[in-house]
Amino acid sequence: MFEALKEKVETNTRISDAEALALFESNDLLAIGELAAVANRRKNGDKVYFNVNRHINYTNLCVNRCTFCAFSKEDGEPGAYTLALEQVAAKVREASAAGATEIHIVGGLHPELPFAFYLDMLRTIRDVDPRLHIKAFTAVEIDYFARISGLPVGEVIAELQGAGLGSMPGGGAEILVRRVRERICPEKISGERWLEVTETAHRAGLKSNATMLFGHLESYADRVEHMRLIRELQDRTGGFQAFIPLAFQPDNTRVPGARGVGGVDALKTLAIARLYLDNFRHVKAYWVMLGLKIAQTALCFGVNDLDGTVVEEKIGHDAGADSPQAMSREGIERLIREAGRTPVERDTLYNELK
Ligand code: V47
Ligand code: SF4
């Protein structure tokens, strides 16, 4: 198998679903990693990208109750919160002073806030520092805004863009396969709808990312099907920047029988994503969920992006992630240099800054 795949990687030939599945079933992690490293080097040389950003989670109230989510709360539950716009502004001022280039915003599906709140939040951020790129709202949130406002998704996106939205993060994809979604997030929009909203956003000129939540109750075949749907959409729009496998964190969640993700599975999954998603330039190791050591090691397995400084993280840490809350620019650069690679600070759209 590896000889045939080597030839495919060298001749830039797409690998099949069956080949991706066979890679997941293989235990030859080093052979998979070596192929992925070759595929990555061809696209990105020895550069590894990161950015200086700040996450803001405006609320953890959510009308959905995804079983893998330890972040969301019901109204009145201890720990439930919603930030006032002034609190959002204060965090943005801190980020701006710390040299951030991006504000990353996601939240739960709040039961009461009107669509106008989200537009005001974007304008508030833009008023604090118009140079900051605002990467905000997953396809799940955008679909929710369409429902609460009664507007078509295209108009919701146009209004958000008018208020300062620059791009979208890749959350909410989970595993796009119906039988998995029915078990882990039955109230969430369908996989088809996630793809449709994302396609609409790409056609409106927004770039976005694609995530894959792995290590709960999905099979390898489900992972391949998920990546196939993402690869097909990327063929149609070219609007995805990075693919981000998110390692499932099990604490305080309600996924039956769930354990954490081991290092071998994490590295294998990142490497196979690099090999299968030939139409993606960037594969991101999100250190919050992987831990710093696996994220760094992933640089030898086809990964070329370590995400950002983050500053304040709730979604993974509420579910037991043992990574730090934040990374300094120097800390990320050190991880990359220790792996023998060249750190490159980027902005959200992958323009190189330094
Ligand atoms: O969609 C929720 C995931 C996502 C857990 O686009 C969990 O640059 C692990 O999408 N264990 C939101 N993951 C985060 C996200 C993201 C993060 C960083 C960068 C980008 C980007 C996007 O977090 C959700 C869900 O898939 N999630 N609970 C958990 N227990
Ligand atoms: Fe709500 Fe998102 Fe958590 Fe699901 S993953 S419960 S949609 S905050």
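No lab work stands behind these numbers, since they all come straight from the coordinates. Quantities reported herein were computed from a predicted structural model and do not represent experimental measurements. FYI the Cβ positions are ideal-geometry reconstructions off the backbone, even for glycines, and counts take in every protein chain you see.
Expressed to the nearest 5 percent, the antiparallel share of DSSP beta bridges inside the range 140-297 is 0 percent. If I fit a long axis through the Cα atoms of helix 191-203 and take the longest principal axis of the Cα atoms of the chain, what angle between them do I get, 0 to 90°, rounded to 10? For 191-203 against the chain, the angle is about 80 degrees. Please work out whether the range 101-160 counts as rounded, prolate or oblate from its C-alpha gyration tensor, where a ≥ b ≥ c are the square roots of the eigenvalues and a/c under 1.5 means rounded, while otherwise a/b larger than b/c means prolate and anything else oblate? It is prolate, given that a/c is not under 1.5 and a/b is the larger ratio. Across the options Cys69, Ile125, Thr59, the greatest Cα extent toward the positive end of the charge dipole of the range 55-125 (unit charges at beta carbon of Lys, Arg, Asp, Glu) belongs to Ile125. Could you work out how much longer the chain between Glu312 and Glu10 gets when fully extended? Use 0.36 nm per residue separation minus the Cα distance between them, nm to one decimal. Computed gain between Glu312 and Glu10 is 104.6 nm.
Working from label points 7 Å from Cα in the Cα-to-Cβ sense, the Ala97 to Glu338 distance is 3.0 nm.
Site pair Thr124 and Glu86 shows an inter-label distance of 1.0 nm when each label is modelled 7 Å from Cα along Cα→Cβ.
Of all DSSP beta bridges confined to the chain, the antiparallel ones make up roughly 5%.
Just to confirm my understanding: which cysteines in the chain have no other cysteine beta carbon less than 4.7 Å from their beta carbon? Those would be Cys62, Cys300, since no other cysteine Cβ in the chain comes under 4.7 Å of theirs.
Give me log10 I(q)/I(0) at q = 0.06, 0.08, 0.11, 0.12 Å⁻¹ for the chain, Debye formula, one equal scatterer per alpha-carbon, no solvent. Log-scaled intensity ratios, in q order: -0.20, -0.35, -0.70, -0.84.
For the range 1-137, the orientation-averaged shadow of the C-alpha convex hull comes to 12.6 nm² (one quarter of the hull surface).
Averaging the inverse of every distinct alpha carbon separation and then flipping it gives the Kirkwood radius. What is it for the range 242-354, in angstrom units? Write down the numbers at each step before the final one.
Details: mean 1/r = 0.0682 Å⁻¹.
By the Kirkwood definition, the hydrodynamic radius is 14.7 Å.
Which of the three applies to the range 169-245, rounded, prolate or oblate, going by the alpha-carbon gyration tensor with a ≥ b ≥ c and a/c under 1.5 meaning rounded? Because a/c hits 1.5 or more and a/b exceeds b/c, the range 169-245 counts as prolate. Taking a straight line from the alpha carbon of Lys73, these lysines sit under 28 Å away, with near neighbours fewer than eight places off in the same chain left out: Lys91, Lys135, Lys188, Lys314.
Judged by the gyration tensor of its Cα atoms, with axes a ≥ b ≥ c, the range 176-302 is oblate; a/c meets the 1.5 cut and b/c is at least as large as a/b.
Between the C-alpha center of the range 270-340 and that of the range 142-169 there is a gap of 29 Å. For Lys268, the aspartates and glutamates whose Cα comes closer than 14 Å to its Cα, not counting residues fewer than 8 places off in the same chain, are Glu19, Glu25, Asp28, Glu34.
When all C-alpha to C-alpha distances in the range 269-310 are sorted into bins of 5 Å, what percent of pairs does each bin hold, rounded to whole numbers? In whole percents, the pair-distance histogram is 5, 27, 35, 20, 10, 2. Taking 0.36 nm per residue of sequence separation and removing the Cα-Cα distance, the Met1/Thr67 pair yields an extension gain of 20.0 nm. With 5 Å bins beginning at zero, the pair-distance distribution over Cα atoms of the range 131-185 amounts to 4, 18, 22, 20, 16, 12, 5, 1, 0 %.
Within a straight-line Cα-Cα reach of under 20 Å, Lys47 can be paired with the following lysines, leaving aside sequence neighbours fewer than 8 residues apart in one chain: Lys284, Lys293, Lys354. Summarising the label geometry, the points placed 7 Å from Cα in the beta-carbon direction at Arg131 and Arg179 lie 5.3 nm from one another. For the pair Ser190 and Ala158 in one chain, pulling the backbone fully straight at 0.36 nm per residue adds 9.3 nm over the alpha carbon distance. Helical content alone sets the calculated 222 nm signal of the chain at -13000 deg cm²/dmol, taking -39,500 (n - 2.57) per DSSP H segment of four or more residues and averaging over every residue. Each eigenvalue of the Cα gyration tensor of the range 98-244, multiplied by 5 and square-rooted, gives one semi-axis; in descending order these are 26, 17, 14 Å.
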